[in-house]
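Every number in this text was worked out from the coordinates using simple rules, so none of it is lab data. Please read these numbers as outputs of a predicted model, since none were measured by experiment. A quick note on method: Cβ atoms are made from the backbone with ideal geometry, for glycine too, and the neighbour counts reach across all protein chains shown.
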């Protein structure tokens with residue numbers, strides 16, 4: 001699995017150095033950065049721009065890439081013992097998923113469920129979009145969302161569904177154990193999912209504006225559920 005870009009590679013080098021199998025450098029680096037990479041102990045390989053672009057699949061690698069060991073996905077047994085989780089339903093854009101992983105990790109969410117399979121390429125994109133937070137987060141891939149809702153409720157979770165027509169989140173009674181379900185920007189949560197929610201929640205909007213990026217909406221909802 002390849003990760004790339006200065007911020008992400010240095011994050012891995014600092015927090016997860018044992019995950020790094022090889023480092024690839026495509027340009028002259030600042031001596032301080034090179035020293036940080038050298039301290040990892042992995043082999044550092046010089047590559048030309050063409051090779052770097054191929055490894056990054058055309059992404060902006062900034063001259064620094066790393067081959068890391070595969071990420072271990074979370075298990076449902078562990079998920080059911082958590083207190084605060086976010087469930088993504090029908091969200092496939094790796095930029096949005098990465099943004100949600102990043103804000104969820106920063107705000108103290110225990111785990112995140114992606115309602116579908118994640119390819120290695122998707123995982124690479126999520127690691128980058130999350131600025132490395134994916135590597136420190138509990139993330140589980142689970143396509144059977146309706147089944148999961150039942151199991152979460154059995155485990156004592158209150159299930160919140162995010163939808164424009166819901167109760168303003170700041171007015172919702174805060175629970176100790178909750179799961180926040182988010183749908184795609186285009187279609188939102190499927191009716192079969194919203195029907196099984198304990199409560200539908202939303203964000204109060206100003207200036208007659210009624211749309212937020214799902215990553216932004218997730219950050220606001222989680223912050224209010226966690227902090228208030």
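Picking from 191, 72, 153, which is most flexible by a Gaussian network model of the chain using Cα springs under 10 Å? In this elastic network of the chain, the residue with the biggest mean-square fluctuation among 191, 72, 153 is 191. The antiparallel fraction among DSSP beta bridges confined to the chain stands at about 25%. Across the chain, Cα pairs under 8 Å and at least six residues apart give a relative contact order of 20 percent. Cα gyration tensor of the range 1-45, axes a ≥ b ≥ c as square roots of the eigenvalues: rounded (a/c below 1.5), prolate (a/b > b/c) or oblate? Note, shape of the range 1-45 comes out rounded. Just checking the listed ones, 45, 203, 126: in the Gaussian network model of the chain with Cα springs under 10 Å, the one fluctuating most is 45.
With a ≥ b ≥ c taken as the square roots of the eigenvalues of the C-alpha gyration tensor of the range 167-228, please select rounded if a/c is under 1.5 and otherwise prolate if a/b is larger than b/c or oblate if it is not? Because a/c hits 1.5 or more and a/b fails to exceed b/c, the range 167-228 counts as oblate. Oblate is the label for the range 147-194, because the ratio a/c of its alpha-carbon gyration tensor axes (a ≥ b ≥ c) is 1.5 or higher and a/b is not greater than b/c. Ordering 172, 114, 226 by the number of other Cβ atoms within 10 Å of each residue's own Cβ, fewest first, gives 226, 172, 114. Normalising the average separation of contacting C-alpha pairs (under 8 angstrom, six or more residues apart) by the number of residues puts the relative contact order of the range 2-68 at 54 percent. Reported to the nearest whole Å, the Cα centre-to-centre distance from the range 42-83 to the range 146-174 is 33. For the residues 117, 168, 28, a GNM of the chain with alpha-carbon springs under 10 Å puts the largest fluctuation on 28.
Look at 99, 31 and count the other Cβ atoms within 10 Å of each Cβ; fewest to most, that gives 31, 99. Dimensions of the chain from C-alpha coordinates, computed as largest minus smallest value along each principal axis and given longest first, are 55, 43, 29 Å.
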